[in-house]
Amino acid sequence: MTEKNTYLEDKFGLAGKTAVVTGGGGVLAGAIVKDFVLAGANVILWGRNQSTLDNKVEQLTKEALPAERLATVEIDLLQEDKIAAALKESVARFSKIDILVNGVGGSSKRCSFVDLDTTEYEDIVRQNLLAGCVLPSKQIAKYWIENNLPGNILNIASMGSFVPLSGGWAYSAAKAAVVNQTMAMAKELAPYNIRVNAVAPGFFLGKQNRKLLVNEDGTPTERGENILARTPIARFGNPEEVASACVFLASKAAAFITGVTLPVDGGYLCDNI
Ligand SMILES: NC(=O)c1ccc[n+]([C@@H]2O[C@H](COP(=O)([O-])OP(=O)(O)OC[C@H]3O[C@@H](n4cnc5c(N)ncnc54)[C@H](O)[C@@H]3O)[C@@H](O)[C@H]2O)c1
């Protein structure tokens, strides 16, 4: 009789871990929720709209994911003073938190530089940098340090972190800052056994950019065609391809990796002429 091979579960499995996934009702973040549960974790979805969270949980349980390993907390992550209560409720549900995935984010309408609207610019930076990275990380890192627990933070950057997306001024600036803060947090939190990494998704047909990338008949828009021409793998990504990169970074297999931003982009960043 052959022994069961446990290599994958031991190295990449998340059984016994609990993750908070902010923006968990979203397209990419929802795919991360799904893969984390499939890898064995409990997942608590944090988001500002309870019905979006409920819909995502309903969709996942219809796909046969175990409802007892999913929970939700309604919270607007721009309200820092509400985060401690969300954390308390989450710890009460699964006894501890091991992983934070910062999945909140969102882009804005494109515009020329001279037409920038300062209020909109600030809103996008607040959504992607404060709500989408800094505020939840600050509060959960504090909880890990105070309780002497190891921790693991995953941020979501973008191609705009490295090469600004034309017309996406505030989004690119905020996502560049996410890479910067990932490195800064990784350095400062390493002595507390807290790792901090990020993924940088290329172009996915998520809610935020489907209309920018494909027409109603499924053919690429002009911008979509430009992107495909610059993507060596020559297609848009599937959300589960970001999710599996997140499982890797959250797993024991990545125990010596901190401060990196892993592109999941079909080669977009290495395109050349
Ligand atoms: N979809 C893509 O192609 C793509 C590409 C690169 C990067 N990203 C990034 O990946 C991350 C996840 O993207 P997604 O496709 O899941 O986004 P999405 O727009 O589908 O979902 C974002 C979720 O965040 C929630 N949210 C927004 N602001 C919030 C706040 N202040 N408090 C609480 N919840 C809030 C929204 O309700 C929504 O459910 C984002 O940071 C996004 O910028 C996405």
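Annotation: amide H of ASN152 within the under-5 Å range of LEU100, ARG195, sequence separation 5 or more or interchain, hydrogens built in the peptide plane.
Computed over neighbours whose Cβ is under 12 Å from that of LYS82, the net charge equals -3, Lys and Arg +1, Asp and Glu -1. Given R0 = 45 Å, the distance between the Cβ atoms of VAL91 and THR221 translates into a calculated FRET efficiency of 0.50. Taking every Cα-Cα distance in the chain and sorting them into 5 Å bins from zero, the calculated P(r) comes out as 1, 6, 13, 17, 19, 17, 13, 8, 4, 2, 1, 0, 0, 0, 0 percent. Using R0 = 41 Å, the C-beta based FRET efficiency linking GLU9 and ARG210 works out to 0.70. Potential lengthening of the chain between GLN50 and THR119 amounts to 22.2 nm, from the contour at 0.36 nm per residue minus the alpha-carbon distance. Among LEU70, LEU38, LEU53, the residue with the largest mean-square fluctuation in a Gaussian network model of the chain, with springs joining Cα atoms closer than 10 Å, is LEU38. Taken along the Cα-to-beta-carbon direction at a fixed 7 Å, the label points for ALA84 and LYS187 span 3.0 nm. Under 14 Å from a point placed 7 Å out from the Cα of ALA67 along the Cα-to-Cβ direction: which residues of region 44-60 have their backbone N that close? Residues passing the 14 Å test: 54-60. Which residues' amide hydrogens lie under 5 Å from the amide hydrogen of GLY237, considering only partners 5 or more residues apart or on another chain, with H built in the peptide plane? Residues meeting the amide H criterion: PHE203, PHE204, LEU205. Remark: region 122-133, residue by residue, has Karplus-estimated 3J(HN,Hα) of 5, 4, 5, 5, 5, 5, 7, 9, 7, 5, x, 7 Hz, where x stands for each Gly or Pro and the curve is 6.51 cos²θ - 1.76 cosθ + 1.60 at θ = phi - 60°.
Computed 3J(HN,Hα) for region 174-190, one whole-Hz value per residue from the Karplus formula 6.51 cos²θ - 1.76 cosθ + 1.60 where θ = phi - 60°, is 5, 6, 5, 5, 4, 5, 4, 6, 4, 5, 5, 5, 4, 5, 6, 9, 4, glycine and proline marked x. Rounded to the nearest 10 degrees, the inclination of helix 27-38 to the longest alpha-carbon principal axis of the chain is 30 degrees. When you filter the GluC sites (Glu not before Pro) in region 3-58 for DSSP loop state and at most 15 other Cβ atoms inside 10 Å of their Cβ, you are left with GLU3.
The H on the amide N of ALA41, modeled in the peptide plane, is under 5 Å from the matching H of LEU14, each at least 5 residues off or on a different chain. Backbone phi angles across region 96-112, fed through the Karplus curve with coefficients 6.51, -1.76 and 1.60 (θ = phi - 60°), yield HN-Hα couplings of 7, 10, 10, 9, 10, 10, 8, x, 6, x, x, 9, 10, 5, 7, 7, 6 Hz in residue order; Gly and Pro are listed as x. Remark: for residue pairs LYS17/LYS109; LYS62/LYS142; LYS56/LYS138; LYS17/LYS62, the C-alpha separation exceeds 28 Å in LYS17/LYS109; LYS62/LYS142.
Just so you know, all these numbers are worked out from the coordinates, no wet-lab data involved. For clarity, every value in this text was computed on a predicted model and none was experimentally measured. Using ideal geometry, Cβ is built from the backbone for each residue, glycine included, and neighbour counts are taken over all protein chains shown.
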